[in-house]
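Scroll down for the structure; my scribbles are underneath it.
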Amino acid sequence: MYKSNYVKFLCLGLLSISISCSSDDNSVIEKTNELKPDDQIEALIQPTSFYLVNEGWFGHENGSINGIDSDLNINYRIFENTNPGLELGVTTQFATAYGQHYFAVSKMENRLVMMDKKFKSQAILTDIGGDGRSFTGINENKAYISTSKGISVLDISANQIHLVKTISGYNKEVGTLIYRNHYVYAATMDGLLIIDSQTDEIVADTKERVNQLTIDRQGNIWAGTANTLRKYDTSLAVDQQIAASISYDTSTAPIPSSAGAWNAGSLSSSSKHDILYWTSGKNIVSFDITTANINNSFYTLGTDADDVKLSFYGAGLRVDPVSDDLVLMVKRENYGINGSYNWAQIVSNTGVKKKEIFIAGGTQNPSNGHYWFPAIPLFQDNNAPQITLNQIGLKLDETKTIELERSIIDQDNPQKLIEVSLENVDPTFASIELVAGKLQIKALQKAGKSTFTIKANSNGKITTKQIDLFVK
């Protein structure tokens with residue numbers, strides 16, 4: 001008798017639990033005592049080296065890449081040693097990391113080379129519509145490359161590169177390209193071109209000559225001329241960006257042109273602070289974005305150990321995205337045998353020289369130097385974006401705004417440069433929108449659980465995550 005009643009009681013209890021847990025209403029939420037907390041931020045994957053991309057000794061050898069590790073050991077000619085029988089193009093002037101690859105752009109021959117992160121060649125293009133200049137990724141499948149004759153559209157999917165088409169409307173030299181918020185900004189001697197990356201159409205032209213171009217950590221575009229820096233707020237519509245652009249006088253520290261015998265230019269931004277840098281003569285100039293203060297002599301090149309004057313070469317400098325140090329490419333002033341004396345200098349963000357590395361690798365001078373003709377520093381991009389958010393809870397009719405700056409991070413790329421989008425949004429229990437980097441969620445008058453997906457693209461590295469949404 002006792003056993004029979006116990007079994008009946010147990011069965012009724014299990015039935016009750018089954019009915020409760022399969023409910024689609026408030027009782028589902030009531031069983032959730034608290035939301036799952038955000039994930040802990042993953043540790044930074046430290047870089048093991050940085051690289052110096054060299055244009056090469058014209059008439060003698062093609063472009064090359066040298067690596068400098070954290071102990072200042074130099075690994076010479078990485079690409080050739082990794083890919084026997086292959087070379088970069090002639091006069092390599094630009095290289096960058098995007099996604100899982102490095103891309104090196106040269107003026108002639110192997111004009112675009114796609115490499116994996118161990119510098120193993122993945123694909124090579126000899127025809128890109130002109131002589132190579134700059135490259136920018138747009139998403140995991142698409143990129144632009146600038147040339148001496150305009151801008152070409154590339155398919156970079158599946159570890160391959162295919163030339164899709166050339167953008168109409170401009171067929172002269174285009175320099176630096178920067179992608180931001182569905183638009184590509186292109187430096188030309190005739191003005192700043194703004195291209196819609198979804199239609200591949202030029203939608204604006206400032207008609208103001210641009211010597212150099214960069215993007216700061218807040219996502220603003222900076223166009224430099226000989227006497228001005230002009231700031232474009234990319235959070236605005238394109239016509240408003242141009243109308244509301246702000247100009248700063250830099251006539252005391254001219255920003256040189258890199259057109260013609262093109263190089264990537266020195267204008268660069270810190271990824272940690274609101275500071276821009278560029279070379280002007282023998283000086284590095286710093287520009288404080290917040291105060292608009294210009295320091296014309298942030299750092300000045302001197303002489304080498306033999307009291308020979310030094311000068312910048314190629315792009316001149318870039319800022320390490322992890323350490324915030326400046327990496328300088330320095331040689332003896334003038335040409336002839338002086339071109340075979342090359343150094344990499346590491347300068348802190350306070351203007352103090354921390355390290356100096358002589359780049360040997362040859363027999364052209366008594367110090368075993370070589371005619372590298374350095375073009376641009378290249379940095380590893382080891383960290384993918386991390387989405388720490390897991391769940392969101394709201395009450396009926398509640399509205400909530402979530403700052404994604406606190407929930408999506410990349411340890412070696414500024415958060416505001418991460419492109420975020422939403423996918424697979426279930427509107428059953430709440431409306432969800434992405435507005436100016438913020439999630440805006442409005443609960444409806446029905447309780448329950450739904451999901452949506454956040455996609456983060458940080459310099460071509462993609463992370464997606466399904467987020468649970470509870471309304472009760």
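The values are calculated or read from the model by the stated rules, or taken from the named source; none is laboratory data. Values in this document were obtained by computation on a predicted structure and should not be read as measured data. No Cβ is skipped: glycine too gets one built from the backbone with ideal geometry, and neighbour counts run over all protein chains shown. Only protein heavy atoms, including side chains, enter the accessible area calculation; ligands, DNA and RNA are left aside. Shrake-Rupley method; radii C 1.70, N 1.55, O 1.52, S 1.80 Å.
Listed values, structure above:
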{"item": "Karplus (6.51, -1.76, 1.60) ³J(HN,Hα), θ = phi - 60°, over segment 346-351, in Hz, Gly and Pro reported as x", "result": "10, 10, 5, 6, 10, x"}
{"item": "Residues whose placed amide H lies under 5 Å from that of residue 342, excluding near-sequence neighbours", "result": "359, 370"}
{"item": "Rounded to whole Hz, the Karplus (6.51, -1.76, 1.60) HN-Hα couplings of segment 420-433, x for glycine and proline", "result": "10, 9, 10, 9, 6, 6, 9, x, 4, 10, 7, 8, 10, 9"}
{"item": "Close Lys-Lys pairs in segment 75-168, where close means Cα under 25 Å and separation is 8 or more or interchain", "result": "11"}
{"item": "Extreme residue, positive dipole direction of the chain, given options 181, 295, 62 (C-beta unit charges)", "result": "181"}
{"item": "Nonlocal amide H pairs with residue 324, under 5 Å, H built at 1.01 Å", "result": "none"}
{"item": "Sum of -39500 (n - 2.57) over DSSP H runs of 4+, divided by residues of the chain (222 nm, nearest 500)", "result": "-2000 deg cm²/dmol"}
{"item": "Lys pairs under 13 Å by Cα in segment 373-472, provided they are eight or more residues apart or on distinct chains", "result": "11"}
{"item": "Surface accessible to a 1.4 Å probe, per residue, for the residues of the chain, Å²", "result": "45"}
{"item": "Radius of gyration and Dmax over the Cα atoms of the chain, both given in Å", "result": "26.7, 107"}
{"item": "Interchain or long-range residues, amide H under 5 Å from residue 318's placed H", "result": "327"}
{"item": "Given charges at beta-carbon only (K, R positive; D, E negative), |dipole| of the chain in Debye", "result": "560"}
{"item": "From phi via Karplus (6.51, -1.76, 1.60), per-residue ³J(HN,Hα) for segment 444-459 in Hz, x at Gly/Pro", "result": "8, 9, 9, 8, x, 10, 9, 9, 8, 10, 9, 10, 10, 10, 10, 6"}
